[in-house]
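Contents: one structure, followed by commentary.
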Amino acid sequence: MKLAVLAGGVGGARFVQALIEVVHPGDVTVIANVGDDLEVHGLHVSPDLDTLLYTLAGLGDEERGWGRASETWNARDTIERLGGETWFQLGDRDLGLHLVRTEALRRGEPLSAVTARIARAVGLGLPLLPATDDRLRTRIRTPAGEFEFQEWFVARGHRDPVDRVVYEGASEARPAPGVLEALEAAELIAIAPSNPFVSIGPILAVDEIRAAVERRRESVVAVSPLIGGRAVKGPADAMFQSLAGGTGAGQVTDCYKGLIDALVLDEADADDAREVAERGVRPLVTRTLMSEPDARAALVETVLGLVPAR
Ligand code: GDP
Ligand code: CA
């Protein structure tokens, strides 16, 4: 069974983690968002790639949801004492990865290659691909001005309402090696319950990736990140309100117009099933809260139920 998953950070990682409780990890190719990437203290940080890497390799801090377990913060404390910026926190263990990646990128190694090397080194059992090796950056337009994604999200605590999301560099970006092949070879393509605007949007903003998903539409399923019209965590519900005009499963379906055959939605949103069906997409209602083992199993069963029988 070959699967390809489009994923952001925390929601993406939890979903892939649930999948590989059932499917052989080597059969799941993860295509990850890089629109959140940023430079911190001269280092290239890829928050979503790292959340996926740490979570799926069993190195992540489950409580915090990002960064590494058993982390220490000596470097950050020093930076603070010396008057440096600490709004984007990097732990000591985490810093080691950013040093290796940044050095490799400066040498001209593509992001996909250094990611594969790091994944191998930490024993990650599945292919983890950045959507693109090219520079692609999500920017957020708000009434208070336009911000880099992390500046809006972390430094400003995603308090500014979002007027528009812009994917800088997307029109020139090419898919990273292996991405199109994985989308082509997959028996099922799953869009994780990640934020459609700032996690999945940047991936699909790469024209060749969008076209490849479009071609495979009959084999594409998305999982809604909303439960009872609310985000489990983060600004997705507020973004749905301001960018899509509502927080129903109909609006989630609209985000993936022309790209999906089915949408998995939570039982709490079962009333929205008709709106999904009216849009030509099959609604699949189940429990989707992944912190609950029963719901996680039900979600995975629902998704894998779409894999064509051989
Ligand atoms: P980020 O890149 O770390 O911000 O994470 P993602 O974009 O991958 O995931 C964030 C989204 O995941 C949020 O919109 C959450 O509502 C959604 N999410 C997190 N946990 C769950 C869950 O257990 N079930 C569902 N349905 N969505 C979830
Ligand atoms: Ca992210």
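The values are calculated or read from the model by the stated rules, or taken from the named source; none is laboratory data. Note that the structure is a prediction, hence the values are computed from the model and not measured. With ideal geometry, Cβ positions are generated from the backbone for all residues, glycine too; neighbour counts draw on all protein chains shown. The protein model used for the area step is the full one, side chains on, heavy atoms only, and it has no ligands, DNA or RNA in it. Shrake-Rupley method; radii C 1.70, N 1.55, O 1.52, S 1.80 Å.
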Conditions (1) within 24 Å of Ala298 (Cα to Cα); (2) within 13 Å of ligand 1 (Cβ to nearest atom): number failed by Val34
(1)
Taking Gly228 and the conditions (1) open to solvent by 40 Å² or more (accessible area, probe 1.4 Å); (2) in contact with a helix residue (DSSP H, G or I) (Cβ under 6 Å, 6 or more places away or on another chain); (3) away from ligand 1 (no atom under 11 Å from the Cβ); (4) of a type outside the set (S, T, N, Q), which numbered condition does it fall short on, given that it satisfies the others?
(3)
Could you run through region 10-35 and say how many residues are open to solvent by 10 Å² or more (accessible area, probe 1.4 Å) and within 10 Å of ligand 2 (Cβ to nearest atom)?
2
Restricting attention to region 4-26, report how many residues are assigned to a loop (DSSP other than H, G, I, E, B) and either of a type in the set (A, V, I, L, M) or out of contact with any Ser or Thr (no Cβ under 7 Å at 6 or more places or on another chain) (or both).
5
Do any residues in region 6-22 that are within 8 Å of ligand 1 (Cβ to nearest atom) have Cβ atoms under 6 Å from those of residues that are at pLDDT below 95, where the two are at least six apart or on different chains, and which pairs are they?
Val10/Gly65
Which of the residues spanning region 184-204 are closer than 20 Å to Leu136 by Cα and in a helix (DSSP H, G or I)?
Pro196, Phe197, Val198, Ser199, Ile200, Gly201, Pro202, Ile203, Leu204
Please work out which residue is nearest to Glu80 (Cα to Cα), limiting yourself to region 91-120 and to residues that are open to solvent by 60 Å² or more (accessible area, probe 1.4 Å) and assigned to a helix (DSSP H, G or I).
Arg93
Can you pull out every residue in region 60-75 that is open to solvent by less than 60 Å² (accessible area, probe 1.4 Å) and in a helix (DSSP H, G or I)?
Ala75
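For region 145-162, check the following and say yes or no: at least one residue is closer than 21 Å to Leu259 by Cα, in contact (Cβ under 8 Å) with a residue 24 or more places away in the chain and under 17 Å from the mean Cα position of the chain (by Cα).
So the first thing to find is which residues in region 145-162 are closer than 21 Å to Leu259 by Cα, and the list is none.
No: zero hits.
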Filter pass, Glu146 being assigned to a helix (DSSP H, G or I) and open to solvent by 70 Å² or more (accessible area, probe 1.4 Å):
no
Can you run down the residue pairs with Cβ atoms below 7 Å, 6 or more apart or on separate chains, where the first is in region 121-133 and open to solvent by less than 30 Å² (accessible area, probe 1.4 Å) and the partner is at pLDDT below 95 and polar (S, T, N, Q)?
none
